[in-house]
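Novice: Quick one: this structure, given as structure tokens, is what I'll be asking you about.
The values are calculated or read from the model by the stated rules, or taken from the named source; none is laboratory data. From a predicted model like this one, the values you see are computed outputs, not experimental measurements. Glycine gets a Cβ as well: all are built from the backbone with ideal geometry, and neighbour counts include every protein chain shown.
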Amino acid sequence: MRRLFAWIGIGLFATTSCGGDDPSQEAIGGVGGESNGHIAATGITAKANRDVLEELPFENEDDFEAARRGHIASRKNPVIRTLDGREVWNLDAFAFESGESPASVNPSLWRQAKLNSIHGLFEVSHGIYQVRGYDLANMTLIAGERGWIVIDPVTTRETAGAAFELVSENLGTRPISALIYTHSHIDHFGGARALLPDAEAAQGIPVIAPEGFVVEAVSENVLAGNAMSRRASYMFGFLLHRGARGHVDSGLGKASTPGTFGLVPPTISIEETGRELTIDGVRMVFQNTPGAEAPAEMMIYFPDKKALCGAENVSHVLHNLYTLRGAKVRDALRWSGYLDESIALFGDAEVLFASHHWPTWGNASILEYLKKQRDAYKYIHDQTLRLANHGFTMLEIAEQIEFPKSLAETFANRGYYGTLSHNAKAVYQHYFGWYDANPANLNPLPPEDAAPRYIEFMGGADAVLEKAEASYAEGEYRWVAMVLNHLVFAEPENQRARSLLADAYDQLGYQAESGPWRDFYLTGALELRQGRQELPFEITSSIDVVSAMPTDLFFDALAVRLNGPEADGEDAILNFVFTDIGETHVLVLENAVLHHYREAAREDADATLKLARSTWDRIVTNQTSLQAQILSGEADVDGSRLKLIGFFSLLDEFEPTFNIVMP
């Protein structure tokens, strides 16, 4: 049973450690490859990217000035490693991002990538500092009377430790006087143990988070964790090399981060807007914003400094109403409303900093920035519903919706992370779900059944390929991708089809302004050419994070793993007694469904498993096995061991690299 609980996968944020290629050697046209497999940009793609230069005010350098403002120092060593030498972060891998954009990168994304490469320790305003560019997210530090109040200790122990080391080297050694998590995504809490490494260090230190933080922090990626992790490998370019034909930027930051994740549990929960606290002599006012960018999130105002922490509700990108890795759709109207509330509550702010990117200074600039972010989400919401009420479907709306000029020419509203297209689809989904009301789409055939019939109707594989090659030559890459997707699903071993589809994905990726869209296309191309790829790192769960997980959540996840057809006709009642926390949970299997209840142990149970919750956590994180703990006496089974083993045999083991671009 060693791998019995390998399904817990919290860490979706990770990266590879590959180097980049030289944009000066970027060819245009032809089918010549490179060592990493992606072909050159075609002349059509090169022209499409040149045209972008005419569409946006690239001469505006304000963002570059803001991103460099207040720079104090940068790390001398661009590489951050784990204790055993594994690479976690390497800014040298992005050294290719210099000069003009190559043909294989959208110039707007190239601009964002260069901005996100500006790194180091920065002074935001008096007593407020940020470390940027050593993680997907920022670490912010507020100077208190005795020590540092740290906002968002980034993703991993390694990157957080490197960031804090840079602070100590340049600003002096000070203790941690408080820790604040703005929201429940792992890139804003995973590095906490670098600052408060154990219970003794954390004793008496206020740890502040929004209401519902713990449940949301550990639950979002558990029930759907395997599929979400696989999709994240596409979204964040985990499998791609760093280079002008590979991963260049995530839009929100350079890349996601592997390493050691942890969690220091919150001691103070912010449940309502307007709550005030004074921590280490620093006065702060909280705005609770649940259900916007994260299920649990809050913004913070420092009235004595006239400084607003926007968390991740405001970023120098158009954010996701639907994140492509998969998550519940976010409420655009609610999100916009929170930003309107921020303007009303904190309209005198003189500096705005956030969990990603660089700050904004000056009251007039802040208000303009907040209004345009606010209006971007409300525009998508209102116009999607306007068009839906005219009878347009999700795909039709996404094709025709455009920002007005005032929003479209604002770089902070560009689709470097979320896009206008998939965010409009998210609003449609929020209100109407997946069905567009067309009866043909009510019960369509799945791709593997439909694909051979499409190909037969289109005259067979050779005819489809001949027409697809002609369409590719005309630059109709979206259409080529649609058509050849059918052929690859009908004939997955057809190398000519796979190769041409990969070529089309390359061109679509090169033209994409969105970092995640680019990574999805290029990862699809990679796997069409080379087959499924194993992740270049292990996704493991920190016992810190797992121990914070409500026990109910484990059993929800077990229920997701139950193989219904195999469980048909099986019945079981199992007691789980956790001796150290005084909790008993009863699992009932009937009708091929697993239910769990927190209640007294059932006398008619088939088996009772008694163990400490801390032992259970070690089993879940694969530090030990259930069998070993039973043999050692740390876990005890009363009743039928065969029934217990039989129950566990009904649980599926998920394949972490299931097919996406092939059947």
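Novice: A307: over 23 Å from the mean Cα position of the chain (by Cα), in the same structural domain as E97 (by TED's automatic domain parsing) and among the aliphatic types (A, V, I, L, M), yes or no?
Specialist: On the way: over 23 Å from the mean Cα position of the chain (by Cα): yes; in the same structural domain as E97 (by TED's automatic domain parsing): yes; among the aliphatic types (A, V, I, L, M): yes.
Answer is yes for this residue.
Novice: Still on this structure: Residues being acidic (D, E) and surrounded by 13 or more Cβ atoms within 10 Å (Cβ to Cβ): count how many of those fall in the range 41-75. Steps first, please.
Specialist: So in the range 41-75, the residues acidic (D, E) come out as 51, 54-55, 59, 61-63, 65.
From the residues that got through so far, the ones that are surrounded by 13 or more Cβ atoms within 10 Å (Cβ to Cβ) too are 63.
Residues meeting the conditions: 1.
Novice: Also: What single numbered condition from (1) crowded, with 19+ Cβ neighbours inside 10 Å; (2) in contact with a helix residue (DSSP H, G or I) (Cβ under 8 Å, 6 or more places away or on another chain); (3) of a type in the set (V, I, T) fails to hold for V329?
Specialist: The one condition V329 does not meet is (1).
Novice: Next question, about the same structure. Can you name the helices (runs of 4 or more DSSP H) wholly within the range 570-663 that have at least 3 residues being in contact with an Asp or Glu (Cβ under 8 Å, 6 or more places away or on another chain) and touching a residue at least 40 places away in the same chain (Cβ under 8 Å)?
Specialist: Values: elements: 613-620, 626-632, 641-648.
Output list reads 641-648.
Novice: Here's another thing I want to ask about it. May I ask you to list the residues in the range 521-549 that are within 30 Å of T267 (Cα to Cα), in a loop (DSSP other than H, G, I, E, B) and at pLDDT 85 or above?
Specialist: Within the range 521-549, the subset within 30 Å of T267 (Cα to Cα) is 539-549.
After this cut, where a residue has to be in a loop (DSSP other than H, G, I, E, B) as well, the list is 539-542, 548-549.
Within the range 521-549, A548, M549 meet the criteria.
Novice: Of the residues R275, R231, which is touching a Gly at 6+ places or on another chain (Cβ under 6 Å) and surrounded by fewer than 22 Cβ atoms within 10 Å (Cβ to Cβ)? Explain how you work it out, then say what you get.
Specialist: Numbers: R275 fails: touching a Gly at 6+ places or on another chain (Cβ under 6 Å).
Result of the check over R275, R231: R231.
Novice: Of all residues in the range 152-166, count the ones that are free of Cβ contacts under 8 Å to residues at least 40 places away in the same chain and more than 22 Å from the chain's Cα centre (by Cα).
Specialist: 2
Novice: Kindly provide the set of residues from the range 436-476 that are aromatic (F, W, Y), surrounded by 11 or more Cβ atoms within 10 Å (Cβ to Cβ) and farther than 18 Å from Q495 by Cα, ordered by number.
Specialist: Of everything in the range 436-476, just one residue is aromatic (F, W, Y), surrounded by 11 or more Cβ atoms within 10 Å (Cβ to Cβ) and farther than 18 Å from Q495 by Cα, namely Y454.
Novice: Restricting attention to strands (runs of 3 or more DSSP E) lying wholly within the range 262-343, give those where 3 or more residues are of a type in the set (D, E) and within 30 Å of F520 (Cβ to Cβ). Can you show your working first?
Specialist: Numbers: elements: 268-270, 276-279, 282-288, 298-302, 307-309.
In the range 262-343, there are no strands (runs of 3 or more DSSP E) which contain 3 or more residues that are of a type in the set (D, E) and within 30 Å of F520 (Cβ to Cβ).
Novice: Name every residue in the range 262-279 that is of a type in the set (A, V, I, L, M) and touching a strand residue (DSSP E or B) at 6+ places or on another chain (Cβ under 9 Å), in order of residue number. Break it down stepwise before answering.
Specialist: Taking the range 262-279 first, the residues of a type in the set (A, V, I, L, M) are 263-264, 268, 270, 277, 279.
Listed by number, the residues that qualify are V264, I268, I270, L277, I279.
Novice: So, one more: Among the helices (runs of 4 or more DSSP H) lying completely within the range 177-239, list those that include at least 2 residues that are under 14 Å from F261 (Cβ atoms) and modelled with pLDDT under 95.
Specialist: Numbers: elements: 199-202, 213-219, 225-235.
Helices (runs of 4 or more DSSP H) meeting the threshold: 213-219, 225-235.
Novice: What's the number of the only condition in (1) under 16 Å from S315 (Cβ atoms); (2) assigned to a helix (DSSP H, G or I) that T384 fails to meet?
Specialist: The failed condition is (1).
Novice: If you go through the range 87-108 one residue at a time, do you hit one that is assigned to a loop (DSSP other than H, G, I, E, B) and under 30 Å from T173 (Cβ atoms)? If you could, list the steps in order and put the result at the bottom.
Specialist: Of the range 87-108, the ones assigned to a loop (DSSP other than H, G, I, E, B) are 95-106.
Then drop every residue that is not under 30 Å from T173 (Cβ atoms), which leaves none.
The answer is no, given that none of the residues of the range 87-108 is assigned to a loop (DSSP other than H, G, I, E, B) and under 30 Å from T173 (Cβ atoms).
Novice: Now for a different question. Here is a check on your reading of the model: is A412 touching a Phe, Trp or Tyr at 6+ places or on another chain (Cβ under 8 Å) and at pLDDT 95 or above?
Specialist: Details: touching a Phe, Trp or Tyr at 6+ places or on another chain (Cβ under 8 Å): yes; at pLDDT 95 or above: yes.
Yes, satisfied.
Novice: Tell me whether the range 528-546 contains one or more residues that are touching a Gly at 6+ places or on another chain (Cβ under 7 Å) and among the acidic types (D, E).
Specialist: Yes - at least one qualifying residue is present in the range 528-546.
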